[in-house]
Amino acid sequence: MVNSEMVRVKKSIGQFFGTIYDGFVSLLDLIFGTIQKIIGVKGMPYIFVLPNLLIFGIFILFPMLLNFVYAFTGGSAFFPGERPWVGTDNFGRLLACENYLVPNSCTEDLFWRAVGNTFSYVFFQVGLMVIFSLITALILNRKIKARGFFRAVFFYPVLLSPIVVALIWKWILQENGLFNGILISLGFDRIPFLVNAQWAQFWVVMISIWAFMGFYTLILLAGLQSIPADLYEAASIDGANPWQSFVTITMPLLTPVMAVVLVLSLIRAVQVFDIVFAFTGGGPGTATLYLVQYIYNYGFSSPNKQFGLAAAASLLMAAVLVVLTIIQLVVRKEEN
Amino acid sequence: MGKVTRFLTRTRGRKRLTWSDGISYGYLIFGVIIMFGPVIWLVFSSFKTPGEIAKFPPRFLPYKQETMMVSGYDEPLPLYKINFEDGSSRTLAQVRRIGLESQLVDPANPEEIIKVNIKQREPVERVNFGLDNFKEGIESFDFGLYLWNSVVVTLVATILTLLINSMAAFALSKYKFRGRQFIFIVMISTLMVPLSVVLVPVFLVITNVGWNNNLLGIIVPAAATPTGVFLLRQYMLTIPDELIDAARIDGASEWRIYSQVIIPLAKPALAVLTIFSVMWRWNDFLWPLVVLSRSEYFTLQVGLASFQGELNVQWNLILAMTVLTLLPITVVFGFLQKYITTGIATTGMK
């Protein structure tokens with residue numbers, strides 16, 4: 001009874017939106033039909049691609065080209081016309097360094113600190129997250145009861161906004177928070193998690209894993225489920241133990257999906273910003289200052305805005321991302 | 001006893017739970033605690049009174065001290081259980097505290113003041129899910145307005161994204177026209193560069209268009225996502241061209257072909273793009289932060305970030321507003337989790 005009621009409700013909702021969609025389609029058909037009469041079928045693809053291309057051109061492509069203008073000009077003026085040409089000075093200043101491993105020896109020591117922090121963040125965050133996601137996906141791929149529930153639980157934090165994630169963990173890790181309460185009741189001393197530089201870096205990595213791993217778990221799980229079951233059956237008939245079938249079947253067949261996961265998470269990790277912005281704000285000191293925040297600080301929040309420097313830094317970062325994406329495209333091509 | 005264990009360890013398919021099943025379920029339950037625990041801790045904490053919030057070590061449930069109106073006093077007085085030296089105990093209301101001495105009255109006999117050492121008293125408490133934090137928080141955090149802005153941005157941007165991305169994907173997958181390859185390659189190459197690295201010039205463009213402090217400034221620029229076009233194009237390539245030819249012979253216009261042949265067939269890909277778009281727009285932070293500076297246009301995320309900046313210490317209010325912020329997406333996920341997880345798992349990675 002209840003079920004048929006539900007189906008009826010669903011159907012009438014579907015009909016409602018269907019009617020709206022039909023009305024919308026007929027209305028636009030008047031416009032597009034007229035255009036088609038004027039320019040013919042051959043011209044229609046341009047009309048279809050136009051709205052997207054227009055917005056894309058104005059708000060994505062043009063700014064990207066404009067970024068070059070900013071990167072090669074100096075001063076604090078906001079409008080490109082008022083900015084003096086400085087050539088590669090901005091890049092020179094960013095890259096001037098006696099020893100790249102010692103940020104203090106660089107002219108722009110903050111930039112190199114951000115680069116160093118970003119590198120270590122990317123290394124640990126991506127490495128650990130891929131391991132955790134893989135373990136979780138492997139376990140979820142077993143004959144597990146309530147798999148849907150567990151899958152949803154691991155995915156839930158992905159939906160939370162970075163600000164919410166940061167606030168939840170800030171609350172847990174603060175001086176009088178849950179973790180310090182547990183430590184005290186176990187007889188340990190309090191740890192200033194967000195005041196100590198190493199601990200802050202550690203927790204930034206951990207909460208990013210917490211927030212993002214569900215997404216990669218889902219993708220890896222889909223990859224695991226697409227491996228035909230009869231391969232495992234054949235292996236077990238041939239006397240292979242679970243570890244052997246993991247190494248000889250799962251690992252090689254999962255490699256393409258694994259590569260996609262690795263590159264996607266790398267690209268995302270290089271751009272880390274919003275969680276950290278709300279979680280530590282880059283502190284304590286510069287312990288969790290990462291590249292995008294460096295760019296944001298120079299472009300928007302510092303009192304003497306250095307747009308040229310911010311743009312030059314973002315071009316250097318974009319170069320890294322382009323390399324990563326080309327790797328991804330190559331990997332995908334191999335996969336297909 | 002043996003029967004009970006056998007019943008509890010019975011599994012479908014195989015005969016008995018093995019040690020590896022034990023580890024698996026152990027890991028998953030640990031995972032549930034790690035993934036859900038922080039959120040549940042947040043929710044319980046958001047009901048705590050400021051006094052309870054400051055308490056260390058913290059307690060799991062929100063407690064509130066009982067109070068009572070006593071004749072002769074204007075304010076309700078907090079109740080304490082007093083343990084006397086002779087072993088007896090009474091519940092009394094505290095009038096004031098002076099140093100180590102607490103002055104209390106018996107509610108039944110409010111004239112007589114009883115003085116005891118503060119070590120002898122224990123607060124009378126009960127679990128209380130009070131809404132005070134939410135009521136007080138909403139006075140300075142305009143939840144309704146931010147929610148409205150977030151919903152408008154998410155809905156309008158998603159509809160716009162679906163419309164213009166699918167139109168572009170249709171053109172790029174089903175027509176041969178001069179410049180097609182060029183347009184496609186330019187779009188794909190910008191997939192690599194995230195918007196976060198071109199903040200300054202984007203801000204310049206938005207300023208020139210006059211969309212600072214305008215919801216259009218976050219809706220429109222993000223609608224032309226190359227990712228969406230790419231996803232839809234890949235899917236539409238799998239739709240056979242014969243269908244289009246047949247419709248054309250029947251005299252359908254190109255717009256009719258797009259809207260009544262292609263769109264219904266591309267529903268699975270459109271569903272995935274809808275999920276992505278809602279997630280992106282709802283959680284978007286950096287872009288709105290740059291575009292919006294007046295609080296009447298704040299989305300939930302920007303509003304919450306600025307709220308916690310203003311009230312760095314008032315955790316009780318921040319927690320309550322955080323709970324409000326995560327509520328809508330949690331409810332949506334509760335209803336649609338099956339579609340969302342399977343949708344992303346099947347098409348999301350292509």
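The values are calculated or read from the model by the stated rules, or taken from the named source; none is laboratory data. All figures in this text were calculated on a predicted structure; none of them were measured in a lab. All Cβ positions, glycine included, derive from the backbone under ideal geometry; neighbour counts span all protein chains shown.
Can you tell me which residue in the stretch B:199-210 is modelled with the lowest pLDDT, limited to those that are more than 28 Å from the chain's Cα centre (by Cα) and within 7 Å of another protein chain (Cβ to nearest Cβ)?
B:V200
Which number in (1) at pLDDT 90 or above; (2) surrounded by fewer than 19 Cβ atoms within 10 Å (Cβ to Cβ) marks the one condition that A:F79 misses?
(1)
May I ask you to list the residues in the stretch A:157-179 that are surrounded by fewer than 18 Cβ atoms within 10 Å (Cβ to Cβ) and at the interface with chain B (Cβ under 7 Å from one of its Cβ atoms)?
Filtering the stretch A:157-179 down to residues surrounded by fewer than 18 Cβ atoms within 10 Å (Cβ to Cβ) leaves A:174-176, A:179.
Selection gives A:N176 alone.
Within the stretch A:59-67, does at least one residue satisfy the condition of being loosely packed, with under 14 Cβ neighbours inside 10 Å, under 19 Å from B:V197 (Cβ atoms), among the aliphatic types (A, V, I, L, M) and within 14 Å of chain B (Cβ to nearest Cβ)?
For the stretch A:59-67, residues loosely packed, with under 14 Cβ neighbours inside 10 Å, under 19 Å from B:V197 (Cβ atoms), among the aliphatic types (A, V, I, L, M) and within 14 Å of chain B (Cβ to nearest Cβ): present.
Please go through the stretch B:41-64 and give me each residue that is outside any loop (DSSP other than H, G, I, E, B), out of contact with any strand residue (DSSP E or B) (no Cβ under 6 Å at 6 or more places or on another chain) and either at the interface with chain A (Cβ under 10 Å from one of its Cβ atoms) or touching a residue at least 24 places away in the same chain (Cβ under 8 Å) (or both), ordered by number.
B:W41, B:L42, B:V43, B:S45, B:P50, B:I53, B:A54, B:K64
Restricting to the stretch B:241-256, and then to whatever is buried (at least 17 other Cβ atoms within 10 Å of the Cβ) and either touching a Ser or Thr at 6+ places or on another chain (Cβ under 6 Å) or without any contact (Cβ under 8 Å) to a residue 24 or more places away in the chain (or both), can you tell me which residue is farthest from the other protein chains (Cβ to nearest Cβ)?
So, considering only residues that are buried (at least 17 other Cβ atoms within 10 Å of the Cβ) and either touching a Ser or Thr at 6+ places or on another chain (Cβ under 6 Å) or without any contact (Cβ under 8 Å) to a residue 24 or more places away in the chain (or both), the one farthest from the other protein chains (Cβ to nearest Cβ) is B:A247.
Is there any pair with a first residue in the stretch B:302-319 that is more than 10 Å from chain A (Cβ to nearest Cβ) and a second that is assigned to a helix (DSSP H, G or I) and at pLDDT below 85 whose Cβ atoms are under 7 Å apart and which are 6 or more apart or on different chains, and what are they?
From the stretch B:302-319, the pairs are B:N316/B:P50; B:N316/B:I53; B:N316/B:N133; B:L317/B:N133; B:L317/B:E136; B:L317/B:G137.
Inside the stretch A:180-206, can you point out the residues that are under 17 Å from B:A54 (Cα atoms), within 13 Å of chain B (Cβ to nearest Cβ) and touching a helix residue (DSSP H, G or I) at 6+ places or on another chain (Cβ under 9 Å)?
If the condition is that a residue be under 17 Å from B:A54 (Cα atoms), within 13 Å of chain B (Cβ to nearest Cβ) and touching a helix residue (DSSP H, G or I) at 6+ places or on another chain (Cβ under 9 Å), then A:N180, A:R190 are the ones that fit.
Scanning the stretch A:298-336 for residues that are exposed (fewer than 13 other Cβ atoms within 10 Å of the Cβ) and in contact (Cβ under 8 Å) with a residue 12 or more places away in the chain, which turns out nearest to A:P256 (Cα to Cα)?
Filtering first and then ranking leaves A:E335.
Please go through the stretch A:230-263 and pick out each residue that is of a type in the set (G, A, S) and either within 14 Å of chain B (Cβ to nearest Cβ) or part of a helix (DSSP H, G or I) (or both).
Hits for the stretch A:230-263 are A:A234, A:A235, A:S236, A:S245, A:A259.
So, in the stretch B:173-193, exactly how many residues are farther than 30 Å from A:N297 by Cα and more than 7 Å from chain A (Cβ to nearest Cβ)?
10
Does the stretch B:211-221 contain any residue that is within 27 Å of A:L266 (Cα to Cα) and at the interface with chain A (Cβ under 7 Å from one of its Cβ atoms)?
yes
Within the group A:W112, A:W171, which residue is modelled with pLDDT of 85 or more, touching a Gly at 6+ places or on another chain (Cβ under 8 Å) and not β-branched (V, I, T)? So that I can check it myself, show each step before the final result.
Details: A:W112 fails: touching a Gly at 6+ places or on another chain (Cβ under 8 Å).
After applying the criteria, what remains is A:W171.
Any residue in the stretch B:322-337 that's more than 8 Å from chain A (Cβ to nearest Cβ): show its pairings with residues that are surrounded by 14 or more Cβ atoms within 10 Å (Cβ to Cβ) at Cβ separation under 6 Å, as long as the two are six or more apart or on different chains.
Every condition considered, the pairs that remain are B:V323/B:V43; B:V323/B:S46; B:L324/B:F143.
Looking at (1) more than 11 Å from chain A (Cβ to nearest Cβ); (2) in contact with a Phe, Trp or Tyr (Cβ under 7 Å, 6 or more places away or on another chain); (3) buried (at least 18 other Cβ atoms within 10 Å of the Cβ); (4) at pLDDT below 90, can you tell me which one B:S196 breaks?
Going through the list (1) more than 11 Å from chain A (Cβ to nearest Cβ); (2) in contact with a Phe, Trp or Tyr (Cβ under 7 Å, 6 or more places away or on another chain); (3) buried (at least 18 other Cβ atoms within 10 Å of the Cβ); (4) at pLDDT below 90, B:S196 breaks only (1).
Consider the stretch B:257-272. How many of its residues are at the interface with chain A (Cβ under 9 Å from one of its Cβ atoms) and surrounded by 19 or more Cβ atoms within 10 Å (Cβ to Cβ)?
Residues flagged as at the interface with chain A (Cβ under 9 Å from one of its Cβ atoms) and surrounded by 19 or more Cβ atoms within 10 Å (Cβ to Cβ) within the stretch B:257-272 amount to 3.
Just the residues that are buried (at least 18 other Cβ atoms within 10 Å of the Cβ) and basic (K, R), please, taken from the stretch B:36-75.
Of everything in the stretch B:36-75, those that are buried (at least 18 other Cβ atoms within 10 Å of the Cβ) and basic (K, R) turn out to be B:K48, B:K64.
Being within 13 Å of chain B (Cβ to nearest Cβ), assigned to a helix (DSSP H, G or I) and among the hydrophobic types (A, V, I, L, M, F, W, C), is that true of even one residue in the stretch A:8-22?
Yes, some residue in the stretch A:8-22 is within 13 Å of chain B (Cβ to nearest Cβ), assigned to a helix (DSSP H, G or I) and among the hydrophobic types (A, V, I, L, M, F, W, C).
B:R294 fails exactly one of the following numbered conditions: (1) without any contact (Cβ under 8 Å) to a residue 12 or more places away in the chain; (2) surrounded by fewer than 18 Cβ atoms within 10 Å (Cβ to Cβ); (3) not acidic (D, E). What is the number of that condition?
(1)
Among A:L289, A:L266, which is more than 10 Å from chain B (Cβ to nearest Cβ) and closer than 23 Å to A:N104 by Cβ?
Result of the check over A:L289, A:L266: A:L289.
Going by the conditions given, is A:I227 modelled with pLDDT under 90, part of a loop (DSSP other than H, G, I, E, B), among the aliphatic types (A, V, I, L, M) and more than 26 Å from B:A305 (Cβ to Cβ)? Lay out the reasoning, then the answer.
Values: modelled with pLDDT under 90: yes; part of a loop (DSSP other than H, G, I, E, B): yes; among the aliphatic types (A, V, I, L, M): yes; more than 26 Å from B:A305 (Cβ to Cβ): yes.
When the stated conditions are applied, A:I227 passes them.
Among (1) in contact (Cβ under 8 Å) with a residue 40 or more places away in the chain; (2) surrounded by 21 or more Cβ atoms within 10 Å (Cβ to Cβ), there is one condition A:G285 misses while meeting the rest; what is its number?
Answer for A:G285: the failing condition is (2).
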